[in-house]
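See structure below.
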Protein chains: 2
Amino acid sequence: MSVTERVLRFISPSPEEVKKVNSAASALLRRIERECTTLGIKAEPVLVGSVSKGTYIDPDIDIFIAFDRSYPLREVISTGLKIGHRILYAGKERYAEHPYVSGQFEGFRVDIVPCYRIEQGERIITAVDRSPLHTKFVNEHLSEGKRDEVRLLRAFMKSAGIYGSQVAVKGFSGYVCELLVIRFGSFQGVLEFFSSSKGKISLDIHGYSKRAFKDPFVIVDPVDQERNAGAAVSTENLAKMRVLSREYLKNPQESYFVWGLERKQQRMRRDTELTLFKIPKPQIVDDIVFPQAEKFASALWNILDQGGFQPLNFVISVGEFVEVLVEHRFSKTPRFSVHQGPPADSERTCDFIEKYIKVRGHVGPYVVGDRIYFDVPEEPKIIEDFVRERIRSYNIGKNLEEMKEKLTVESLKHVRYAGDTLRKFYSRNILPDKDWKFSRQRRPPEEPDDRPS
Amino acid sequence: MSVTERVLRFISPSPEEVKKVNSAASALLRRIERECTTLGIKAEPVLVGSVSKGTYIDPDIDIFIAFDRSYPLREVISTGLKIGHRILYAGKERYAEHPYVSGQFEGFRVDIVPCYRIEQGERIITAVDRSPLHTKFVNEHLSEGKRDEVRLLRAFMKSAGIYGSQVAVKGFSGYVCELLVIRFGSFQGVLEFFSSSKGKISLDIHGYSKRAFKDPFVIVDPVDQERNAGAAVSTENLAKMRVLSREYLKNPQESYFVWGLERKQQRMRRDTELTLFKIPKPQIVDDIVFPQAEKFASALWNILDQGGFQPLNFVISVGEFVEVLVEHRFSKTPRFSVHQGPPADSERTCDFIEKYIKVRGHVGPYVVGDRIYFDVPEEPKIIEDFVRERIRSYNIGKNLEEMKEKLTVESLKHVRYAGDTLRKFYSRNILPDKDWKFSRQRRPPEEPDDRPS
């Protein structure tokens with residue numbers, strides 16, 4: 001039995017599972033339809049997402065309530081939420097671009113999302129309005145037999161940590177997986193494409209988009225030629241996909257399809273410093289927090305670099321806290337700072353010399369190239385004090401700014417830290433653990449050990 | 001009395017001194033003339049250098065024996081040396097482009113140098129053939145009263161460590177000092193020019209040179225329009241001259257004219273490492289050793305940079321040894337090395353992974369940007385071992401290469417080192433010690449203290 005055949009035995013749903021999820025979805029569609037009729041509104045439920053296309057691994061049910069364009073957005077949302085709460089009794093409101101209801105039904109996770117009904121070529125009103133058209137396109141172009149190919153690709157990408165278009169992942173969406181299989185015919189075909197592709201990637205199934213996209217990975221959305229369905233994919237994730245495709249094709253193994261299990265942790269004695277910067281997470285959606293977390297990380301990097309701490313690596317994690325872990329080479333600022341003066345042919349050298357010659361313990365003025373310099377003694381600052389002082393002058397995003405005062409700084413030399421961030425740092429390797437086999441367990445049994453060794 | 005008037009009382013020769021040096025020079029000229037007659041050769045002695053132009057501070061006597069162009073070079077040299085030795089009884093042979101005789105006469109240092117007699121516009125045969133023409137030009141264009149102006153400029157530049165065109169200095173020659181005073185009329189005029197000049201400097205007294213010189217400081221040699229008399233001047237020394245001119249004009253002080261005394265040593269606690277690299281000096285002239293010493297220093301800088309030692313500053317010194325002192329931040333190589341792999345879209349990622357995945361204790365492959373990386377554990381190496389290993393693959397010049405095996409490496413944390421190089425490192429500041437006055441002593445009394453504090 002080939003590797004993919006074995007994998008599919010574990011990741012494909014059984015006929016019973018298919019029946020169960022389809023019947024739950026149908027029941028939900030009927031109930032929502034009934035609610036629409038009762039309320040007398042021009043709206044209808046549409047099954048979207050991976051269940052609607054039969055390409056799921058985790059059978060989450062996504063149902064959109066598509067309203068007629070004549071309704072104002074406020075009414076679409078309030079009515080949509082009302083119906084959602086009636087159907088999902090313990091449902092909670094969540095937010096993407098606009099709110100929706102998320103809950104459980106017959107053991108499945110269900111999202112009920114209000115949107116507008118649009119036809120191919122019509123202008124969308126909200127970001128989610130295209131989803132029903134995506135379902136339609138995929139079901140028209142992806143034959144029954146190719147659904148398992150999408151499952152394999154999805155599992156492969158999930159395992160690599162490059163699945164999902166949310167900002168915290170910057171990866172390939174389920175829809176992109178489907179388009180790739182439509183374009184290249186099979187899981188194998190997709191991997192062969194990535195392993196031999198060069199530079200920026202630009203795919204267009206219909207081949208008539210006129211737009212020049214700047215993203216590293218472009219796959220034109222066949223229902224909207226103006227949109228790159230792969231816009232979320234980062235350079236790093238494209239790189240991972242290429243390298244892993246090549247490695248897998250050379251030596252196919254089941255471990256490439258395990259998800260929920262992080263890559264094996266790798267530790268070495270590095271004699272570097274690890275410092276964790278933590279800010280409470282504001283109560284807003286991750287897609288808005290994450291870019292701010294990146295601003296935070298980039299501010300920290302700049303500050304540490306300027307302070308002579310020599311940052312080497314960093315990891316961002318958004319959970320209960322916004323956390324940035326930085327590996328750096330020094331724990332204190334140097335005992336002196338180097339002040340570069342104006343070029344020697346500027347009249348301003350006099351003022352520069354007058355200013356620094358007064359500083360007790362100075363060295364200089366000395367000349368390097370065509371400029372003068374002074375070295376000036378500084379009281380060494382520890383990283384915490386230095387960052388606290390400098391971070392004030394950085395804007396780290398609307399919502400994080402308010403939390404800046406609550407910044408904590410911990411050296412991981414002294415604290416036994418057991419969070420996600422450190423684990424992420426230790427499992428940056430992209431290759432899966434080759435020994436893992438599906439035969440032993442269906443899902444990874446436990447969270448990886450996070451105690452520093 | 002103005003500062004320059006006071007300084008001139010100390011640096012200008014007294015009428016008795018002038019008489020003494022002139023009579024010594026005349027006696028030498030007569031004796032050499034007699035030797036030429038005796039030998040029956042077409043050659044005549046010419047007084048050149050600062051004594052010939054009356055612009056000296058240190059009255060060294062330079063006499064050239066100008067041979068007729070009909071003689072072959074070998075004969076010029078052998079006859080020139082023979083005469084030199086007859087005149088200077090304890091004379092030693094020294095080498096510039098070709099050998100000459102150096103010795104003492106009536107208490108003065110004397111150089112007797114063979115050359116060819118050329119006329120203005122004729123092609124030179126050896127590098128020194130122009131000197132008699134320089135003397136002629138200066139004596140025709142520099143009035144008696146301006147000689148003290150040249151002395152001031154010479155003393156100012158000597159004091160700043162930017163006097164002399166030899167490779168170890170890369171500064172302004174005595175001839176350039178004379179040309180500058182001819183061009184700008186006075187010491188004050190020269191300083192005003194430098195303090196307000198911008199960018200590259202290009203001076204041409206006659207104003208008809210057609211050549212475009214690339215040097216940072218150009219002053220066309222009026223006896224040879226193809227030659228930049230200031231070609232030796234480095235960017236650093238031009239920068240020093242500009243900054244010091246400006247500082248002096250703002251606040252003229254006698255200390256700007258003291259030479260033989262290095263700038264005041266400045267020390268601060270820097271928490272950095274100082275390592276001295278030493279190679280025995282080959283028995284060749286400094287102008288040939290020095291560029292090789294620079295190659296050696298640049299090789300060391302590269303090696304230390306690649307090894308993660310973080311070089312910060314360096315100083316070269318050529319004496320009994322070729323010494324390079326490097327200030328750096330680390331004394332050992334890191335515990336791991338980072339190996340950058342090929343871009344992700346290259347087929348070579350497979351080989352790269354195969355190679356490093358086998359290394360015990362590796363971290364990776366991980367992705368940064370569009371490339372993959374491995375961190376690999378390394379046994380930390382001390383600077384001495386690391387440099388010894390790597391220096392082999394650098395070429396540090398024909399003569400130093402032979403000495404490479406005799407390299408010694410000393411950490412200045414452990415050795416009480418009392419050499420020139422460390423003193424040079426501690427006295428990189430360009431400003432003179434403001435308190436120094438000529439009234440206390442004519443010359444600096446002693447070598448500066450070199451014990452590390």
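The values are calculated or read from the model by the stated rules, or taken from the named source; none is laboratory data. For clarity, every value in this text was computed on a predicted model and none was experimentally measured. Every residue, glycine among them, receives a Cβ derived from its backbone with ideal geometry; neighbour counts consider all protein chains shown. The area values use the complete protein model at the heavy-atom level, side chains included, leaving out ligands, DNA and RNA. Shrake-Rupley method; radii C 1.70, N 1.55, O 1.52, S 1.80 Å.
Observations, loosely collected:
- B:A297 being of a type outside the set (V, I, T), outside any strand (DSSP E or B) and modelled with pLDDT of 90 or more: yes
Let's see how each residue does on (1) within 26 Å of A:Q166 (Cβ to Cβ); (2) within 15 Å of the chain's Cα centre (by Cα):
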residue: A:E236; (1), (2): yes, yes
residue: A:K240; (1), (2): yes, yes
residue: A:L244; (1), (2): yes, no
residue: A:L249; (1), (2): no, no
residue: A:E254; (1), (2): no, no
residue: A:W259; (1), (2): yes, no
residue: A:Q265; (1), (2): yes, no
residue: A:E273; (1), (2): no, no
residue: A:F277; (1), (2): yes, no
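- Residue satisfying all of: in the stretch A:335-347; of a type outside the set (D, E) and more than 49 Å from the chain's Cα centre (by Cα); surrounded by the most Cβ atoms within 10 Å (Cβ to Cβ) among these: A:A344
- Taken as a whole, the stretch A:424-437 holds no residue that is open to solvent by 40 Å² or more (accessible area, probe 1.4 Å), modelled with pLDDT under 80 and outside any loop (DSSP other than H, G, I, E, B).
- Positions within the stretch A:248-285 being of a type in the set (D, E), at pLDDT 85 or above and within 29 Å of A:I11 (Cβ to Cβ), in sequence order: A:E254
- When the residues of the stretch A:202-216 are filtered to those that are within 20 Å of the chain's Cα centre (by Cα) and within 14 Å of chain B (Cβ to nearest Cβ), the one that is surrounded by the most Cβ atoms within 10 Å (Cβ to Cβ) is A:P216.
- Positions within the stretch B:66-92 being assigned to a loop (DSSP other than H, G, I, E, B) and among the hydrophobic types (A, V, I, L, M, F, W, C), in sequence order: B:L88, B:A90
- A:I182 vs. criteria at pLDDT 95 or above and open to solvent by 10 Å² or more (accessible area, probe 1.4 Å): yes
- Screening A:L274 against (1) surrounded by fewer than 18 Cβ atoms within 10 Å (Cβ to Cβ); (2) of a type outside the set (D, E, K, R); (3) within 14 Å of another protein chain (Cβ to nearest Cβ) leaves a single unmet condition, (1).
- Residue within the stretch A:318-334 that is among the hydroxyl-bearing types (S, T, Y), touching a Lys or Arg at 6+ places or on another chain (Cβ under 9 Å) and surrounded by fewer than 16 Cβ atoms within 10 Å (Cβ to Cβ) present: yes
- Some residue of the stretch A:183-190 being out of contact with any Ser or Thr (no Cβ under 8 Å at 6 or more places or on another chain) and among the hydroxyl-bearing types (S, T, Y): yes
- Hey, A:V376 under 41 Å from the mean Cα position of the chain (by Cα) and among the β-branched types (V, I, T) or not: no
- Qualifying residues in the stretch A:125-156 (those that are of a type in the set (A, V, I, L, M, F, W, C), crowded, with 19+ Cβ neighbours inside 10 Å and closer than 22 Å to A:R227 by Cα) - the one modelled with the lowest pLDDT: A:V128
- A count restricted to the stretch B:100-124 and to residues that are assigned to a loop (DSSP other than H, G, I, E, B) and on the phi < 0 side of the Ramachandran plot stands at 7.
- In the set A:D370, A:D433, only one residue is facing chain B (nearest Cβ under 10 Å) and acidic (D, E); that residue is A:D370.
- Of all residues making up the stretch B:45-67, the number that are more than 28 Å from the chain's Cα centre (by Cα) and either among the hydroxyl-bearing types (S, T, Y) or modelled with pLDDT under 95 (or both): 0
- Among the residues of the stretch B:59-70, the one identified as touching a residue at least 40 places away in the same chain (Cβ under 8 Å) and more than 18 Å from B:L29 (Cα to Cα) is B:R69.
- Hey, A:K198 of a type in the set (D, E, K, R), more than 30 Å from A:V387 (Cβ to Cβ) and free of Cβ contacts under 8 Å to residues at least 12 places away in the same chain or not: yes
- Restricting the stretch B:282-317 to residues that are surrounded by fewer than 21 Cβ atoms within 10 Å (Cβ to Cβ) and of a type in the set (F, W, Y) leaves a set whose member that is farthest from B:P377 (Cα to Cα) is B:F290.
- Here A:E93 fulfils each of the conditions (1) touching a Pro at 6+ places or on another chain (Cβ under 7 Å); (2) at pLDDT 95 or above; (3) surrounded by fewer than 16 Cβ atoms within 10 Å (Cβ to Cβ) apart from (2).
Quick grid of which residues meet (1) in contact with a strand residue (DSSP E or B) (Cβ under 8 Å, 6 or more places away or on another chain); (2) under 30 Å from A:K413 (Cα atoms); (3) of a type outside the set (S, T, N, Q); (4) at pLDDT 95 or above:
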position	(1), (2), (3), (4)
A:E192	no, no, yes, yes
A:S195	no, no, no, yes
A:G207	no, no, yes, no
A:F213	yes, no, yes, no
A:D224	no, no, yes, no
A:K240	yes, no, yes, yes
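- Single residue of the stretch B:244-264 satisfying the filter (open to solvent by 20 Å² or more (accessible area, probe 1.4 Å) and facing chain A (nearest Cβ under 10 Å)) that is farthest from B:S196 (Cα to Cα): B:R263
- Against the conditions (1) β-branched (V, I, T); (2) buried (at least 21 other Cβ atoms within 10 Å of the Cβ); (3) in a helix (DSSP H, G or I), A:I279 satisfies every one except (3).
- For the stretch B:385-394, the count of residues that are within 14 Å of chain A (Cβ to nearest Cβ), basic (K, R) and within 20 Å of B:Q310 (Cβ to Cβ) is zero.
- The strands (runs of 3 or more DSSP E) falling completely within the stretch B:331-404 that include 1 or more residues that are within 26 Å of A:E327 (Cβ to Cβ) and in contact (Cβ under 8 Å) with a residue 40 or more places away in the chain map to B:336-343, B:371-377.
- Candidates are the residues of the stretch B:6-56 that are closer than 25 Å to B:V181 by Cα and among the polar types (S, T, N, Q); the one that is most open to solvent (accessible area, probe 1.4 Å) is B:N22.
- Filter pass, B:R227 being at the interface with another protein chain (Cβ under 10 Å from one of its Cβ atoms) and either over 19 Å from the mean Cα position of the chain (by Cα) or at negative phi (or both): no
- Restricting attention to the stretch B:296-346, the residues that are more than 24 Å from B:R423 (Cβ to Cβ), of a type in the set (A, V, I, L, M, F, W, C) and within 14 Å of another protein chain (Cβ to nearest Cβ) total 4.
- Apart from one condition, B:F193 fits all of (1) away from chain A (no Cβ under 14 Å); (2) over 19 Å from the mean Cα position of the chain (by Cα); (3) without any contact (Cβ under 8 Å) to a residue 60 or more places away in the chain; the exception is (1).
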